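K.L.:
My questions will all concern the structure given below.
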Amino acid sequence: MELRIKAIKDKQAIYGRQTPLTSGILSAEEAAVVAGLKGKTAVIMLSDGKSNVGGDPLPAVKETAEKHPNAVFHVISFSQVGVKDTKTIKGTGIDQDKERRGEAINRAVAQIGDGIYVEASSLYKNRAAMQQFVNDVFCAAPKPAAVEQRVVLRGINFDLDKSNIKPEYQPILDEAASTLKAKPDVKVVITGYTDSTGAADYNMGLSERRAKAVMEYFATKGVAASRMQAVGRGMNDPVADNKTKDGRALNRRVELKVIQ
């Protein structure tokens, strides 16, 4: 690591006081620098976010992040919001509108891929802040992956070409709703299915109506709609043989995917 850091040039040519930010981002991808690295890759950008030459840096960062999801963009910002021209600085002074635009661009870059934004001045003045930045970028433990649990609502099936919930199935849904209410931090994807009877396009819509019927029932029982999503899978992923009557009945079902 130390040898790699020493290999970084500490003197760079000034491009007419302009910032080729976008070309720098894209060149890292074109040169296969990002693609050639394995695991989480920290891309640390030092920029004032302004006077950019070329295209908009935000789409360039987004494009790179989508192609290489392991790349995380961290920004050390040199925008000088709040600094006033004391006339000791040569030139026309510091344009605060430009500084604020630069800061906004830098913050937006860091948000793509859940990166870290930090002011350069805070790192320069505070050794502890510098150590914290290094720890957060290079030593932070990975976030635990979301745990998914698939639950088949056993005993709840739908009549052929129907999406209404029968009264005899309500106790099962009531129990599921109580469980969801007891765990307010979890989210749930409600997926509806059909058997193989009928056209695929029609069954896709029917399966979604079945999922929405269950979601609406949960909502009446106090489960927040913002925690739920209803999707239809039609005749896909059968759990039983569609050649038999009993098998088709089992395939006309709804499943819950609980995400913790």
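K.L.:
From the list GLY205, GLY198, pick out the single residue that is in a loop (DSSP other than H, G, I, E, B) and more than 15 Å from LYS257 (Cα to Cα).
P.N.:
GLY198
K.L.:
Now, a different point. Given the structure, is VAL239 part of a strand (DSSP E or B) and either surrounded by fewer than 14 Cβ atoms within 10 Å (Cβ to Cβ) or among the hydrophobic types (A, V, I, L, M, F, W, C) (or both)? Show your work before the answer.
P.N.:
Working: part of a strand (DSSP E or B): no; either surrounded by fewer than 14 Cβ atoms within 10 Å (Cβ to Cβ) or among the hydrophobic types (A, V, I, L, M, F, W, C) (or both): yes.
When the stated conditions are applied, VAL239 does not pass them.
K.L.:
Would you mention how many residues in region 111-120 are assigned to a helix (DSSP H, G or I) and at pLDDT below 85?
P.N.:
Total satisfying the criteria: 1.
K.L.:
Additional query: Scan (1) touching a residue at least 24 places away in the same chain (Cβ under 8 Å); (2) surrounded by fewer than 17 Cβ atoms within 10 Å (Cβ to Cβ); (3) closer than 17 Å to ASP161 by Cβ for the single condition TYR202 breaks and write down its number.
P.N.:
Only one criterion is unmet by TYR202, namely (1).
K.L.:
Could I ask something else about it? Please state which one of GLY155, GLY222 is small (Gly, Ala, Ser), assigned to a loop (DSSP other than H, G, I, E, B), at pLDDT below 90 and under 18 Å from LEU256 (Cβ atoms).
P.N.:
Of GLY155, GLY222, the one residue that is small (Gly, Ala, Ser), assigned to a loop (DSSP other than H, G, I, E, B), at pLDDT below 90 and under 18 Å from LEU256 (Cβ atoms) is GLY155.
K.L.:
Now for a different question. Do we have ILE190 as touching a strand residue (DSSP E or B) at 6+ places or on another chain (Cβ under 8 Å), at pLDDT below 85 and surrounded by 18 or more Cβ atoms within 10 Å (Cβ to Cβ) here?
P.N.:
no
K.L.:
Please go through region 169-195 and pick out each residue that is hydrophobic (A, V, I, L, M, F, W, C) and assigned to a loop (DSSP other than H, G, I, E, B).
P.N.:
VAL186
K.L.:
Being surrounded by 10 or more Cβ atoms within 10 Å (Cβ to Cβ), assigned by TED's automatic domain parsing to the domain that holds PRO59, modelled with pLDDT of 80 or more and over 26 Å from LYS62 (Cβ atoms) narrows it down to one of ASN126, ASN106, so name that one.
P.N.:
Just a single option satisfies the conditions, and that option is ASN126.
The values are calculated or read from the model by the stated rules, or taken from the named source; none is laboratory data. As the structure is a prediction and not an experimental result, all values here were calculated from the model. Reconstructed Cβ throughout: ideal geometry from the backbone, glycine too, with neighbour counts over all protein chains shown.
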